[in-house]
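A short reminder: the numbers here are calculations on the coordinates, not readings from a lab. Because the structure is predicted, anything quoted here is derived from the model rather than measured. Don't worry about glycine lacking a Cβ; one is built from the backbone with ideal geometry, like all the others, and counts go over all protein chains shown.
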Amino acid sequence: MPTHTKAPASASIPSYSALIRRALPLWLLVMVVLVLYWAQLLQAHRDQLAQVEAQTRLRATQMASALSLQIGSLFNGVDYVSRTLANTYRDDQPEVFRQALDLAKKKAFPEGALVQIAVADAQGLVQFSSLQDKSDGKPVSIADREHFSVHAQKLVEGMYISHPVQGRVSKRWSIQFSRAIYHNQVFAGVVVLSISPDYISNFFREVFYQSGDVVMLLRDDGSYLARSQQQESVLGKAVQPPGSGFLIDPGQQRGEYLTKAPLDNVMRYYAWHRAASYPVVVNVGLNQDTALQAVQHALQLSLLRNGLGTLMILLGMSGISWLFFQKQRGMAQLQESEERLGLALQGGDLGSWDWDIPSDAISFSVRWAQMLGYQPDDLPHTFNGLQTLTHPDDWPRKLAALRNHLEGASVVFESEHRMLHRDGHWVWILAKGRVTHWSSAGAPLRAVGTHLDITARKQAEAARAELQARLSKLVAQVPGMVYQYRLRPDSTACFPYASVGIRAIYQLQPEDVRNNADPVFAVIHPDDLQRVMTSIRVSAVNLTPWQCEYRVRFANGVVRWLSGQANPEREADGGTLWHGYIHDITATYTVQQALRQSEERLRLTVSAVRDGLWEWDTRSGVIHWDNRCYDMLGYEPQAFPLTLMVWTEMLHPLDREHTLAKLDPVSMPREGARVECRLRTAQHDWRWVEIRGQLVQDASGQHVRMMGTYSDISQRVEQAHLRRALLDQSAAAIFLAAPDRTIRHANARAVEMFAKDGKTLRNLSFSQLHVDTQTYEAFGSYYDTLRRNGQVRLEHPLRDAHGQIRWFDAHGTLLDPDRPDADVIWTLIDTTERHQAETALAAERVRLTAIIDRFPAGVWVDDEDGHIVLINQNLCDLLEVNDVPTHLVGQVQRQLLSSLPESSRALFETDGRSRSDGYLAREIPANHGRTLEVDQQPITHDEQYFGRLWLVRDITGQKRREAILETLAATDALTRLPNRRAFIAHLEQYAQDLVRGTQQSGAVLMIDLDFFKRINDSYGHGVGDKVLQQTASVIRHTLRADDVAGRLGGEEFAVLLPGAPADHACEVAERLRAAIADVRVEVNEGLVHVTASIGVYAIADATLSSDDWLARADSALYRAKHEGRNRVVRDQ
């Protein structure tokens, strides 16, 4: 293991005689030496194998470099030819182009290299091809081909090398070398040279004749252009990783790797090299097995020879000496390599270390120790001993990185950590290393590496981080968001930097948009998104400052207005980077919007009011009207000049003195004056105008002008006169009451009704009109409702002028709805007669309600609109209504019937008015199997409809008794089957349904027990009855649910099979016959059995009657009896 001390550059080699003299007495030592020798030998084999691998890699690298030069030379020739042909192609000089073409085909390219030369015009139509003439047919288009479109779109300059394509003319694979043709700097077309990949592949095979070696020519995007082997399998495809390593770093010129090719599953050493001036890569792959075959064979022979030599060591010490000599020579070479390594480490200011892993012994170079201020002997020489010098916070991370490398998780051990300097400060160290020796079991044995002092770099990084932190704090204090926005060449975008203000602006974190800007665009309002993106594109194209106001809408629906500005700069890769600032302008925007809306409302208000503006110079007496003032009085705009004298003559004589006094500048109050007067119009009538005026001071503080407005109030005055006239003509008593409940005004009707001896009611307290103090105070409680709702309505008694108590319908309304303490307008309508009638009616209603509540049936009355006006508890119980009767008054019928089935409600809801001339009764099914009898009686008077009276009774018990009686009347008492009358009724109903088409044809069976009279005669009628009962039971259990059976009399039965075809009817009849034959009745003498004969009639004629069907079935029964009984016979 290397230490920190240096060995001499050379060492003396013992002589052969000395070795022989030592061999005899030291056999044991020789055996030890042999073991050491074999260990060294195996290591030498590995080193030799590694050297061969390195040579193979070097050979691949050199060959790739040489071939790249060859390819570059070939492409230079193609480039020259394409440039020559592009320059000579002219429509007016075809011979010059032909000469250049012939020269290129004969001298520029070897045989088989050139597939074709073609020229396409600016539209992509092939105008010339060396494989065919233009006249051979319709020109072929290459407008969609890559090698044409890149020139047409001016994406490249010079020659372009395309992916291999299969030519539309040549039908052969070729590599397209294209160059644009320009005539007078205008794109005129493309000249295309198609080079065969087979030519390049053949050239590669001449260089690499070994079957396992391969050469590939690739585009810089990884696409295959040619391959020395299996070329047809790769054309049109791209190389797979790790062969695409040159794609990762376009600036890297060469590289190498070891991999197994998926195409032929061969492990190769690959070396690639870019061709100068062209976007292609030459990739050389040497077969690993072939490259190592010779050395592996040699190593095997060496093992064999050394094995034999070991066995013969006692016979030839000369062989041992030779081996020893070789070992010494190798050590000398190793020492020389160490010296070179030391020089390299010294030049890079690197310290080195060497760690023997099993023993944990570690040695350091002098430079390693000097980094920490020590000499090598002063340091601990075990790895674990270094923990005392490593910062406690960094030791776990360093140990984890080393463990990952020792376990094979990383190729190289690398760690940045702090170590303690001898003078007490911490030094940042970059440690790198790798395991160089492994045991046969895969355990690491030896690791070597370097140390580099990176304290200066770390200090710079810390200073940069501190500066960044300070900048972030500063930016965080700025309202809004400071940012960098990058638009990449591929149109994707990100925010490399965004201040914490992005949380308030976009509700995002800076890391959310560091690599992708999509989250920002996701919250921009959809109506503004296109405008924002367009403004960004314009700024990027023109490199003009970006400025935009737009909205964002968050997930909770909140919308905010933002304003952003940024300055762009172009980056080296063609992208654009903006530096800018965005802030929230929602408050400002809201204020501006409110101001604009306020201005608009003011404009609309002025326009709607249509007031005129006037101005009076009080010193000169000149008055100025705007056009609206003239128009208000019917004059043309500026029809005559105005002075105070002219204007005074226009005033109505009755208003003149009052108006001039109001507008006198001397007595006018500071807040201005307001007066209503009449002015003469152009038609010589009078118009009511409201004049508002305000004195205006000049610079010296003197009132020299008066300004104001004219408002046309003619309509308002006319309406006031009309209201006053209508108020006095109203039949209702109307009062205007002050907040203290004194009367301000009363109309003529109120004076007539309440004023004693014709005295005025003005300023009279309302308490004088009330019946007593209690009613006055009770009336005062309604004022709370009046002030809260703006109006109130009630009935209240008052005393009239004669002291009589009269009832009034009182309606109170606030004069000013916006002022709860405003005056109140009371409208009083005399309802004394109605009140008396309602009192009498209420007494009658109480008596009627008492009678109805005790009525034994359910009663309800509805009005002409179907609303309930009266109902008793019995009806609620019958209809299962969970409510008291009083709550149902005023409700509609449907709510009362909600608990009944839908079909029953439909019977109730039949319009009774269509039967207003008579009584209507119906039975209606209710819940729980109950039946209600409902009687409906229209209520009319003088042929006018007033509603309906409903009486409801529960007749469930009655209906149940009737059903029992009906069942008994239709059922045979002995067999419990329908009797003859009931069966005939079923048969007749079926016949009617068949005629209407609601039933399908069926069949009728007639059944008669054979020799039944003998059973009665022999065993008695009791046994006969048992036979009939068991026969009926058999029939019931054999038939379907829809089938109908009945006893016609005696031992005769009949069956109706609806919808049964003839064959099915016969099968049913046969089952019945067999079942009846199995009937056994036990008597004292033994068992009595019985048989039956059955006649079948399949109903084929719907026009026949049910009696005809029975007759046909009976005829078939007779035939069954005649043919021997106990059988089934069908009517034919």
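Worth pointing out:
- Label point distance in nm, residue 591-residue 816, each placed 7 Å from Cα along Cα→Cβ: 3.3 nm
- Taking amide H as placed 1.01 Å from N in the peptide plane, residue 1099 has its amide H under 5 Å from the amide H of 1002, 1003, 1004, each at least 5 places away in sequence or on another chain.
- Counting only DSSP H runs of at least 4 residues, each contributing -39500 (n - 2.57), and dividing by the residue count of the chain, the helix-based mean residue ellipticity at 222 nm comes to -12500 deg cm²/dmol.
- Model label points for residue 46 and residue 99, set 7 angstrom from Cα along the Cα-to-Cβ axis, are 7.1 nm apart.
- Projecting the Cα atoms of 1120, 372, 463 onto the dipole axis of the chain, where Lys and Arg carry +1 and Asp and Glu carry -1 at the beta carbon, places 372 farthest toward the positive end.
- Computed on the chain, with alpha-carbon pairs under 8 angstrom and 6+ residues apart, the relative contact order is 4 percent.
- Net charge contributed by nearby residues that have their C-beta within less than 12 Å of residue 976 (K/R +1, D/E -1): +1
- Amide H partners (placed H, <5 Å) of residue 614, local residues excluded: 708, 709, 710
- Linear extension gain, residue 643 paired with residue 290, 0.36 nm per residue minus alpha-carbon span: 114.7 nm
- Calculated from backbone phi, Karplus (6.51, -1.76, 1.60) coupling profile of the range 624-632 in Hz, x at Gly/Pro: 10, 9, 7, 4, 5, 5, 4, 5, 4
- Cα centroid separation - the range 247-311 against the range 1049-1090, whole Å: 102 Å
- Each peptide among 258-270, 1087-1099 gets the average number of other Cβ atoms lying within 10 Å of its residues, and from highest to lowest they stand as 1087-1099, 258-270.
- Projecting the Cα atoms of 530, 482, 717 onto the charge dipole of the chain (Cβ charges, centred on the Cα centre) puts 482 farthest toward the positive pole.
- For the chain, the spherically averaged projection of the C-alpha convex hull amounts to 118.2 nm².
- Over the range 606-702, volume per residue of the alpha carbon convex hull, in Å³: 119 Å³
- When both the range 677-717 and the range 822-884 are represented by their alpha-carbon centers, they are found 63 Å apart.
- As a calculated quantity, the FRET efficiency between residue 1000 and residue 965 at R0 = 35 Å, using C-beta atoms, amounts to about 0.55.
- Unit charges on C-beta of K, R, D, E only; dipole of the chain, Debye: 4780 debye
- Neighbourhood charge, 10 Å Cβ-Cβ cut-off, centred on residue 832 and excluding it, Lys, Arg +1 and Asp, Glu -1: -1
- The phi-based Karplus calculation (6.51 cos²θ - 1.76 cosθ + 1.60; θ = phi - 60°) puts the 3J(HN,Hα) values of the range 252-257 at 7, 8, 8, x, 8, 6 Hz, whole numbers, x for Gly and Pro.
- For residue 1105 and residue 484, the difference between the fully extended length at 0.36 nm per residue and the C-alpha to C-alpha distance is 213.5 nm.
- Here the range 971-1130 yields Rg over Rh of 0.98, to two decimals, using C-alpha coordinates and the Kirkwood radius.
- Gain on full stretching of the segment that runs from residue 989 to residue 755 - 0.36 nm per residue minus C-alpha separation: 75.6 nm
- Farthest toward positive dipole pole in the chain [+1 Lys/Arg, -1 Asp/Glu at C-beta], among 175, 750, 200: 200
- Taking label points 7 Å from Cα along the Cα-to-Cβ direction, residue 953 and residue 542 give a separation of 9.7 nm.
- Rounded to 0.05, the FRET efficiency of the residue 654 and residue 801 pair, given R0 = 35 Å and the Cβ-Cβ distance, is 0.40.
- Using the Cβ-Cβ distance between residue 572 and residue 276 with R0 set to 25 Å, the FRET efficiency works out to roughly 0.65.
- Helix axis angle, 1062-1077 relative to the chain longest principal axis, alpha carbon, degrees: 80 degrees
- Cross-link pairs beyond the 31 Å C-alpha cut-off, checked among 662/756; 260/432; 105/138; 154/260: 662/756; 154/260
- Each Lys or Arg adds one and each Asp or Glu takes one away; over the other residues whose Cβ falls under 15 Å from the Cβ of residue 410, this sums to +2.
- Tilt relative to the chain, helix 395-406 - C-alpha long axis, 0 to 90 degrees, to 10: 70 degrees
- Each Cα pair of the range 53-290 feeds into the Kirkwood radius, which the Stokes-Einstein equation turns, at 4 °C and 1.567 mPa s, into a diffusion coefficient of 70 µm²/s.
- Between 0 and 90°, nearest 10: helix 288-311 axis offset from the chain longest Cα axis: 50 degrees
- Between the range 155-216 and the range 749-790, the C-alpha centres lie 113 angstrom from each other.
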